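Novice: Take a look at this one; I'll ask things after.
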Amino acid sequence: LAQGRTIDHTTFCQFRVKHKAALKELFKQVLMVAHRLGMLGLTDLAYDGTRGRSSNRRSGTRTPTELRKLQSELQAQYDALTAQIEVEEQRDEERFALHSRTESASELPKELADVMRRKKAIDKAIRELDRAEQAGEKIPRRLPITDPESRVMPNKEGGFAPNYTPTATVDVQSGLILENTVLAVHNEDQHLFEAIAQVQETFGLESPPPNVLVDGLIGTGANLAKAEEIGVTIYSPCEIPDPSKNPALRADPTQPVPEADRARLPTKGKDDKKQLDKSAFVYDEERDCYWCPMGQELSYRSTTTEKSGTGERIRRRYQAEAETCAACPLRDLCLQGQAKARQINREQFEAQRERHAERMATPEAQAKYAKRRHPGERPFAVIKHQFGLRQFLVRGLERVQQEWSWTTIAFNLKQIMSWRSRAG
């Protein structure tokens, strides 16, 4: 069966990185088996990512400047050694006549081989820097040398190290992984809709699964807006106070909040730095203004645009009149420092966040999100603690993706067998 070959770890290693297309098809076939068994719900998805150490020493990183300097130094060493070899070859008779020179000649190729090995690694890292620069990506402060396609990121257990970010999109009903991807970035929130689209394509769905359960870092304003566009509802923790407990949200915002309720207005900061929170001000979409808790208008003043990690942040700025703020009974709680008038910023995704907050304040949304914890976190726990995959054994994003695919297939098979045993 083995055709005379010795099966060892090298055989398995070569096999798992050789069959990329077949591996992708196998992942899909396993899911189709689960689908035919009636395990999948395909209505509620849980999406998350974790960290996996790359095959690179924690300290084996260099800054772009250090890399280019090291490349120049190694090139100079390489040129000097090759020139020395040429000189030695021209003086064969003299070299072989002297024992000491014979030892030097035998050691020279070893030194050259070491320089070539180090130079090859540095050249590979430089090519990755050039690729990232040409692609318009953020240039990393430090780049791993052994696996330059990985990135230095925060570890889950603390500290920093060269890592990849493996992700999993899980069917909440069955706990099976429906989509797996490895990213060389720490912010997996930008991959959410690619994952949803892949699930839709895999199962030939007319529309994407309607509900996605994610953590607070993934429930960004941009993702909330995109979800509304494609008809998907995101369930995630929300930092905005519960609207039902906010006395500022009154029927007529042009009227002051009753004095008895003002102590319950949402604030931020502590002690002497406490200030009325933004949620104490009500936005009026029709008039494009804010109303303060005392019923005074903050009118639109300007718009600013800033660059952020996920694109552009557009802010519309609203400000009250200084004369009005000077006579306000809430002035000490509302203004800080030398400010004479309160200013409120409104970002481009503020409306989506407000609708999200209103939805997440309902018992139904809280019950829905509570279902995420077990199926959403369990795959990573099993893969790390039972399978022992805390560090990838291969190098390069493509091969790491294949290793992650093998692992998620194994997890899904384990889930299916467990489900079958319970079903009898």
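Novice: For K371, list the lysines whose Cα falls under 24 Å from its own Cα; do not include residues on the same chain fewer than 8 positions away.
Specialist: Of all the lysines, those that pass the test against K371 - Cα under 24 Å, at least 8 places apart if same chain - are K156, K226, K384, K414.
Novice: Next up: Treat each spin label as a single point 7 Å out from the Cα along the C-beta direction, and report the K20 to E89 distance in nm.
Specialist: Those two pseudo-labels are separated by 3.7 nm.
Novice: List the aspartates and glutamates whose Cα lies under 16 Å from the Cα of K368, skipping any in the same chain that are fewer than 8 positions away.
Specialist: Result set, ordered by chain and number: D44, D171, D215, E358, E377.
Novice: Once the Cα gyration tensor of the chain is found, what semi-axes does its equivalent ellipsoid get, as square roots of 5 times the eigenvalues, in whole Å, sorted largest first?
Specialist: 55, 34, 16
Novice: Okay, next question. To the nearest 10 degrees, how steeply does helix 192-202 sit against the main Cα axis of the chain, on a 0 to 90 scale?
Specialist: Helix 192-202 and the main axis of the chain meet at about 70 degrees.
Novice: Leaving out ligands, DNA and RNA, and with a 1.4 Å probe, what % of the accessible surface on the chain is carbon or sulfur?
Specialist: 50 percent
Novice: What distance in nm separates the simple spin-label points at Y78 and R5, each placed 7 Å from Cα in the Cβ direction?
Specialist: For the pair Y78/R5, the computed spacing is 3.2 nm.
Novice: Then there's this: How much FRET efficiency would the formula 1/(1 + (r/R0)^6) give for S421 and T202, where r is the Cβ-Cβ distance and R0 is 30 Å, rounded to 0.05?
Specialist: Calculated value: 0.70.
Novice: Under a crude label model (7 Å from the Cα following the beta-carbon direction), how far is K307 from K274 in nanometres?
Specialist: Taking the two extended label points, one gets 4.1 nm.
Novice: Tell me, what is the 1.4 Å probe accessible area of T6, in Å² to the nearest 10?
Specialist: Accessible area, nearest 10 Å²: 110 Å².
Novice: Taking the highest mean first, how do the peptides 366-379, 19-32 order by number of other beta carbon atoms within 10 angstrom per residue?
Specialist: Ranking, from highest mean packing down: 366-379, 19-32.
Novice: Would you compute, for the Cα atoms of the range 159-259, the largest minus smallest coordinate along each principal axis and list the three values in descending order, in whole Å?
Specialist: Ordered largest first, the range 159-259 gives principal extents of 55, 43, 23 Å.
Novice: I would also like to ask the following. For the range 235-373, with every protein chain kept in place, what is the accessible area per residue (1.4 Å probe, Å²)?
Specialist: 63 Å²
Novice: Same structure again: Near K20, which lysines are there with a Cα under 16 Å away, not counting those fewer than 8 places off in the same chain?
Specialist: K28
Novice: Further question: Kindly provide the helix-only [θ] at 222 nm of the chain, computed as the sum of -39,500 (n - 2.57) over DSSP H runs of four or more divided by all residues, to the nearest 500 deg cm²/dmol?
Specialist: -13500 deg cm²/dmol
The values are calculated or read from the model by the stated rules, or taken from the named source; none is laboratory data. Being a predicted model, the structure only gives us computed values, none of them experimental. A quick note on method: Cβ atoms are made from the backbone with ideal geometry, for glycine too, and the neighbour counts reach across all protein chains shown. Only protein heavy atoms, including side chains, enter the accessible area calculation; ligands, DNA and RNA are left aside. Shrake-Rupley method; radii C 1.70, N 1.55, O 1.52, S 1.80 Å.
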